[in-house]
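In what follows, a structure is listed as structure tokens, so that the remarks can point back to it.
The values are calculated or read from the model by the stated rules, or taken from the named source; none is laboratory data. Everything numeric here is computed off the predicted structure, so don't read it as measured data. Cβ sites come from the backbone with ideal geometry, for glycine too, and all protein chains shown count toward neighbours. Please note that ligands, DNA and RNA were not included when accessible areas were found on the heavy atoms of the full protein model with its side chains. Shrake-Rupley method; radii C 1.70, N 1.55, O 1.52, S 1.80 Å.
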Amino acid sequence: MTTLQDCRTMDAQDPLRELRDLFALPEGVIYLDGNSLGVLPRATAQRVARTVTDEWGQGLIGSWNGAGWFDLPRRLGDRIAPLIGAQPGEVVATDSTSINLYKVLSAALHHAQAEAPGRRVVLSERDNFPTDLYIAQALCRDRGFELRLVDGAQVQSSLSTDVAVVMLTHVNYRSGAMHDLAAVTTAAHHAGALTIWDLAHSAGAVPVELAGAGADFAVGCGYKYLNGGPGAPAFAWVHPRHADRFEQPLAGWWGHAAPFEFTPHYRPAAGIARYLCGTQPILSMVALECGIDTVLAAQPLGGMAALRRKSLALTDLFIALVEERCAGHGLALVTPREHARRGSQVCLSRTDGAYGIVQALIARGVIGDFRAGSADGGTPDILRFGFTPLYTGFEEVWHAADHLQQVLQGGEWRRPEFNRRHAVT
Ligand SMILES: *Cc1c(COP(=O)(O)O)cnc(C)c1O
């Protein structure tokens, strides 16, 4: 049995413990949803206020230069780069994950049409995040490609000679299962296909080595583990060997080689800058910068490797506590036990009651979330708990499991107020 005292000892020995002070966590809340919306960094409110009152209020239009607004997408891209195994100058922070995916998938399809016209298939995972699949469906329809969906475990064996692009999310949003980015990239290249990685549940949570793996394209999210705030800009990365070769379809003026020449014809900027489109939400950009800063604050304490060690310790602990304390209550572990296949979350399934259990936990101050299974019952309803090593402690994990046990034991989750569905789950 793991005791509360064991967990307190783990907290005392945690080399990343001080990083929690970078966040404005509400009192009495155990926040296990940083994989959906990261916590507010303490620095953000003042930084955004300064941008509003000083940079906008006083500097007015001069702040595009004077406060560095115009460079923000590239500057933030440079700061995200080391978190995903990329170099400065290869990443831009911009737009949303969905829009960036549209841009890079379109570029990848152009590439495939030019280099391998016989390949007409985009291969992805059936259980991928829906927006990724919707974007791919629309692009494939418009460009005469087929979107082929397989189970996660079948990706490598489905790499047939007609596959142009393999488009995957590195860590699955529902199950927390993680692909071997390097192995899948190597296998895809061996089979003559390009790779696109969605790092929405990876950036800031698990180490990623895009360049080391030789990957082709990547996108990721700013408001999850990067703590950029609701609707924060996302990011896009393109390997330098491709960046100058193809244009993305949203050819706006921010991606122009010389936006302030105001010429009538589009000339794409060199490199990753061509993946910009139009004017960026500067208030959200500065908030994102504060979020990225919180992850970079771990660099002197061991960086992504240290964050990963703690993340695995937190998820290992939660799995062990749930198995020790909640046995016999119909919970099944969905997330892989194997470290190499696990992201930074733990998902549990239950044939009924998952929604009410999550709501009952939220009422107790333990915030996780619920993801519905398929209507045919093929995939079960899921209780999802994200663990953010920057601010989550081991004692909190103990209390979260304790609350879960109480909610299950007393049947509290059956109460009607916990079973009314909200618009956002
Ligand atoms: C969170 C997430 C998104 C979000 O896309 P938005 O454009 O920000 O709404 C996309 N894909 C994956 C895999 C995600 O986890």
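Quick notes
- Taking the protein heavy atoms of the chain in the context of the full set of protein chains, the accessible area attributed to carbon and sulfur is 55 percent at 1.4 Å.
- For the listed peptides 258-268, 67-77, 339-349, a ranking on the average number of other beta carbons within 10 Å per residue, highest first, reads 339-349, 67-77, 258-268.
- Total formal charge among the other residues, if their Cβ is under 10 angstrom from that of S160, Lys/Arg +1 and Asp/Glu -1: +1
- Ligands, DNA and RNA are left out, and with a 1.4 angstrom probe the accessible area of segment 11-92 is 52 Å² per residue.
- Per residue accessible area of segment 360-425, 1.4 Å probe, in Å²: 44
- Of the peptides 78-91, 410-423, 113-126, the ranking by mean beta-carbon count within 10 Å, highest at the top, reads 78-91, 113-126, 410-423.
- With R₀ fixed at 22 Å, the C-beta to C-beta distance from V424 to D352 puts the FRET efficiency at about 0.50.
- Among beta bridges identified by DSSP and lying wholly in the chain, the antiparallel ones come to about 55 percent.
- Seen through its C-alpha gyration tensor, with square-root eigenvalues sorted a ≥ b ≥ c, segment 70-297 comes out oblate because a/c lies at 1.5 or above while a/b is not bigger than b/c.
- At least 30 Å along the helix axis (C-alpha) and Kyte average at least 0.0, DSSP helices within the chain: 303-325
- Taking a ≥ b ≥ c as the square roots of the Cα gyration tensor eigenvalues, the chain comes out oblate, since a/c reaches at least 1.5 and a/b does not exceed b/c.
- The residues of segment 142-231 expose, per residue, 30 Å² of accessible area to a 1.4 Å probe.
- Label-point separation in nm, R337 to H190, each point 7 Å along Cα→Cβ: 2.9
- Beta bridges by DSSP in segment 70-297, antiparallel share as percent, to the nearest 5: 40
- Peptide packing: for 127-140, 308-321, 188-201, the average count of neighbouring Cβ atoms within 10 Å per residue gives the ranking 188-201, 308-321, 127-140, highest mean first.
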